[in-house]
Amino acid sequence: QVQLVESGGGLVQPGGSLRLSCAASRSIFSLDDMGWYRQAPGKQRELVALITSGGSTNYADSVKGRFTISRDNAKNTVYLQMNSLKPEDTAVYYCNARMGVSFWGQGTQVTVSS
């Protein structure tokens, strides 16, 4: 079992930045991978960024060059640095951890609006 708690969401103007954090209840060192997903109203949940146990990363085309995923194994935390935010980035962002099965956080709202 892994419990995940996201934080860092909020309201930001277009072009602004936010950093999301996902704190895990146990060591993330042995997890298969961790990722950030998002779900906008009326749309399916989609992968935003993924980081493997080995540190490899993968991003959705829509966020490449703007978002950066990273992990701090000592703090059992994964981060998503989001720069140059656009209104279309507005969504609930969910942290995910895989260890054979998937575990999800409760989500944090990100709203990009002027």
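The values are calculated or read from the model by the stated rules, or taken from the named source; none is laboratory data. Predicted, not measured: the structure shown is a model, and the values here were computed from it. Positions of Cβ are backbone-derived with ideal geometry, glycine not excepted, and every protein chain shown enters the neighbour counts. Note: accessible area is taken over every heavy atom of the protein model, side chains too, but ligands, DNA and RNA are not part of it. Shrake-Rupley method; radii C 1.70, N 1.55, O 1.52, S 1.80 Å.
Just a few scattered comments:
- Computed lengthening from Thr111 to Gln13, 0.36 nm per intervening residue step minus Cα-Cα distance: 34.4 nm
- A simple spin-label model places pseudo-atoms 7 Å from Cα toward Cβ; at Val5 and Glu88 they are separated by 3.5 nm.
- Loop sites in region 1-51: chymotrypsin sites (Phe, Trp or Tyr not before Pro), DSSP, at most 12 other Cβ within 10 Å: Phe29
- Dimensionless Rg over Rh [region 10-60; C-alpha; Kirkwood]: 1.02
- Here Lys43 is the anchor, and the lysines within straight C-alpha reach of less than 23 Å, apart from those fewer than 8 places off in the same chain, are Lys64, Lys86.
- In the chain, the DSSP beta bridges split such that about 95 percent are antiparallel, to the nearest 5.
- Think of a 1.4 Å ball rolled over the protein heavy atoms: region 1-48 then has 56 Å² of accessible area per residue.
- Spacing of the modelled spin labels on Asp61 and Met99, each 7 Å from Cα toward Cβ, amounts to 3.5 nm.
- Order by protection proxy (mean Cβ within 10 Å, highest first), peptides 19-25, 6-12: 19-25, 6-12
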